[in-house]
Structures are given as C-alpha cells and as structure tokens.
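The values are calculated or read from the model by the stated rules, or taken from the named source; none is laboratory data. Only a predicted model underlies this, so the values are computations on that prediction, with no experimental measurement involved. Here the Cβ is made from the backbone with ideal geometry for all residues, glycine too, and neighbour counts use every protein chain on show. Just so you know, the surface numbers come from the protein's heavy atoms only, side chains and all, with ligands and any DNA or RNA stripped out. Shrake-Rupley method; radii C 1.70, N 1.55, O 1.52, S 1.80 Å.
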Amino acid sequence: MSVSNITSTHPAAFLLIGIPGLEHLHIWISIPFCFAYTLALLGNCTLLFVIRVDATLHEPMYLFLAMLAATDLIVTSTTLPKMLAIFWFRDQEINFYACLVQMFFLHSFSIMESAVLLAMAFDCYVAICKPLHYTTILTRPLITKIGVVAMTRGVALMTPLPFLLRRFHYCRGPVIAHCYCEHMAVVRLACGDTRFNNIYGIAVAMFIVVLDLLFVILSYIFILQAVLQLASQEARYKAFGTCVSHISAILSTYTPVVISSVMHRVARQAAPHVHILLALFYLLFPPMINPIIYGIKTKQIRDHVLSLFQRKDV
C-alpha cells in the first residue's frame, strides 16, 4: 500500500522517519534503545510476577507498584517495537488508524502512570501520617477504585484526540518527523484550524503534570512534618526510608519531563533530533529504572527475586 493513496480526508498511512538528521546512525542508536527496552520488559514482568505469586506482597504499596509496572509495559510496548522496526528494517510506514491507536495508548497510559505515582504518594502519606488507620483507609475496594479512576481519567482525556485528528485533511504530506505517532507531530501535518488541538493538548499536559505534581508535593510536605515530629533519629530514618523508592520513581518520571519542557523553551533553535532524543529518554528511562529502584530498595521483592535464582542454582 502506498502512502500516496489518499482518502477523502486523510492519507492511508503515514511515514515515520525516525530521528531526523541521524538516519545514518539508526542502527547504532537502536542498540541502547533495544537494551533499555529489554531491561524494561524483564524488570516490569518480574515485578508483576513476584507481586502476583507472593501473597505477602498483596498490600497497597505493592498493588500500586504492580499498576505502575503494567502501565510502563504498555507505554513502552506501544512505541518501541515499531521504533526498532524503523531503525533495523526501515519499516517506516504506519497505517493511519494504527497511528491514532498508538497515539491514544501512549498518551492515555502516560496519564495513568502519573495518576499511579500520585496514588503511591497518598499511600506513603497514610503509612507515615496515619499509620494506625492504614489498613482501614487503604482497603482493597478503595485501591480498585483508584485504579479504575486512573484508567478512566486517561482514557476520557485522550478519547477526543483520535476523532479530532480524523476530521482533518492532511495537505502537508504524510511524513512524520518522529519515531512514533505523537499528537502534536501529527497535528503539524494537518490543514485547517488546529487551534483547538493545540490548546487542548497543552491544557491536558499542564493539567496532569501540574495538578498531580502539586498533590505529590503536598503529600510530602505533610510526610516531612510528620517525620520531623518523631522522637528518635532512627525512627525518622526508618519512616523516611519507606518513601525513598517512591521519591526516586517520581524523580525518574518528572525530571525528563521538566528537562524536555525547559529545552523546548530555551533551545527552540536546537536541532529536531535533540528534542526527539529527550522525548525518547522520557519514554524509556522510567520504565527501565523503576524496577531496578524497587528491586534494590524493597527487601521483600529483592529477597523473592534472589530466592528464584537460588532455586535455579539448586
């Protein structure tokens, strides 16, 4: 099927060119990306397996961690296989509707990931600030409701985008200067009035990042106040140590977002591949590093994984 075949409103397919300006290095660039994707797959699948089989890990903290691992798997698996196909086989063509589906899953589950990190902050807050009521507040039905709300929010906010993009005529050609179907990269190819798409995309991004991050910061302000009120220094270290993994996960997720946002504003004249590499770093780094963080910092998970390897040795 040729990308030049045009329907009444949109092309039959788009061309994803990969990383503009670095096409000759695609094979070499694919090596660290493939390695990171492999680590993300192994790490998050291991987390899900350990939490599933170990009944002692069926607690709120680990159930939220399982949600985070699942969203990371979906986000990376939505984009990386096609990206590697571009790098290795120059398989640049992607069906128009497949592009919209990829965009929908990428953005909706990225929003869900932010919601899960917020839920994990709430878990830390209850564990430290209201320890006597922990089991009565964070019940299994509440955790299920939080998961459903997180998914519903992501799906609801992203559902309009495919329908909005479908109504445009794409007169600027079918070539997307990116490795995957990102909303604004597709909008740039559309003709007509795209102001609503631009405003909606920015508004959703700001709403999610600012609102979720604000509540995370508020949670840790209350946590810090509670920790500082503890009598002994040992109790303070122990209380704060329960949240170290979550703080590391937040930093690994939001730091690339902040860096990318700053770069878009202070380095507008930078080569396109700089911004795309930053976007790929944001896409791959958290799913790769989060299982390592929780595997190292969480004794129960670390011991269970080590026991699996010891059984194989026996």
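A few points about this structure:
- For Met83, the conditions (1) closer than 17 Å to Ala12 by Cβ; (2) surrounded by 23 or more Cβ atoms within 10 Å (Cβ to Cβ) all hold with the exception of (1).
- Within the stretch 86-97, the set of residues being out of contact with any strand residue (DSSP E or B) (no Cβ under 8 Å at 6 or more places or on another chain), part of a helix (DSSP H, G or I) and either on the phi > 0 side of the Ramachandran plot or open to solvent by less than 50 Å² (accessible area, probe 1.4 Å) (or both) comprises just one member, Phe87.
- Residue ID - surrounded by the fewest Cβ atoms within 10 Å (Cβ to Cβ), chosen from residues in the stretch 125-143 that are in a helix (DSSP H, G or I) and among the hydrophobic types (A, V, I, L, M, F, W, C): Leu132
- So Leu73, is it part of a helix (DSSP H, G or I) and either basic (Lys, Arg) or closer than 23 Å to Leu277 by Cα (or both): yes
- Any hit, the stretch 302-313, residues being at pLDDT below 80 and open to solvent by less than 20 Å² (accessible area, probe 1.4 Å): no
- Subset tally (residues that are free of Cβ contacts under 8 Å to residues at least 60 places away in the same chain and in a helix (DSSP H, G or I)) for the stretch 183-203: 12
- Restricting the stretch 169-200 to residues that are over 17 Å from Thr78 (Cβ atoms) and touching a Ser or Thr at 6+ places or on another chain (Cβ under 7 Å), the residue that is surrounded by the most Cβ atoms within 10 Å (Cβ to Cβ) is Val187.
- Restricting attention to the stretch 268-284, the residues that are open to solvent by 60 Å² or more (accessible area, probe 1.4 Å), modelled with pLDDT under 85 and not charged (D, E, K, R) add up to 2.
- Pairing each residue of the stretch 68-79 that is closer than 16 Å to Leu39 by Cβ with any residue that is hydroxyl-bearing (Ser, Thr, Tyr) and open to solvent by 10 Å² or more (accessible area, probe 1.4 Å), provided the two are 6+ apart or on different chains, yields C-beta distances under 8 Å for Val75/Ser110; Thr76/Tyr37; Thr79/Tyr180.
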